[in-house]
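Remarks on the structure that follows.
Just so you know, all these numbers are worked out from the coordinates, no wet-lab data involved. It should be emphasised that the depicted structure is a prediction, and the values quoted were computed from it without experimental measurement. FYI the Cβ positions are ideal-geometry reconstructions off the backbone, even for glycines, and counts take in every protein chain you see.
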Amino acid sequence: MTSQKLIAGSAFPGIVVPQLGGGDLTLGAPQAGRDWQLVAVYRGKHCPMCTAYLQELNTRLPEFHALGVDVVAVSADTEVKATDQMALVGPNFPVAYDLSIEQMHALGLYVSNPRSPQETDRHFAEPGIFVVNSEGAVQIVDISNAPFARPGFKTLLGGLRFVRDPGNNYPIRGTHVAA
């Protein structure tokens, strides 16, 4: 098995997915006058941990916006499933759906098969957080192969406050790769 992971500092891939409410959403392209974007990949409607995680993200949204960070969420769910789950979340950020297996792989995500038809009816991405900077580069990447291993938003916000402070001159970390 091989798996290509996004390299910190590399260009975030131009991935376009359908957005709930209509139209398309380009992941990694900040909106509303913000210059960075947080892309939260969640597992889907079958995951109650994802619902709670996105609810927390929604409560922290003003803090991300205060830092100039736009927030979007995306899953491989169908429009119907994503709509049902977002009725529980009530997000104030854009939500996209129908992330394809090819797009999951382009992001370097772990992809899982359903355990049973009762869990879900299609492959899905395990959690991932990507922070894309104003140059379109991957500033922060956190991917997991399990729903219970993801960064806390309080810690992430603290880190982003530090990174975004020009006085800290903080570089993108983790850019050294094997030859």
Return the distance in nm (one decimal) between the two label points of a simple spin-label model at Asp24 and His123, each offset 7 Å from Cα along Cα→Cβ. 2.1 nm
Highest-fluctuation residue, Leu38, Leu107, Leu88 considered, GNM on the chain with Cα pairs under 10 Å: Leu88
Rounded, prolate or oblate: which fits the stretch 1-114 when a ≥ b ≥ c are the square roots of the eigenvalues of the alpha-carbon gyration tensor, with rounded for a/c under 1.5 and prolate only if a/b beats b/c? oblate
Looking at the chain only, what percent of DSSP beta bridges run antiparallel? Nearest 5 please. 70 percent
When DSSP assigns beta bridges and you keep just the ones with both residues in the stretch 1-107, what percent turn out antiparallel, to the nearest 5? 40 percent
Given a Förster distance of 41 Å, the FRET efficiency implied by the Cβ-Cβ spacing of Ser116 and Gln31, rounded to the nearest 0.05, works out to 0.65
Two pseudo-spin positions, 7 Å from Cα along C-beta at Arg161 and at Thr83, lie apart in nanometres by 4.0 nm
Rounded to the nearest 10 degrees, the helix 79-89 long axis (Cα) sits at an angle to the longest Cα principal axis of the chain of 60 degrees
Inter-probe distance in nm under a simple model that places probes 7 Å from Cα toward Cβ, at Asn92 and Asn168: 2.4 nm
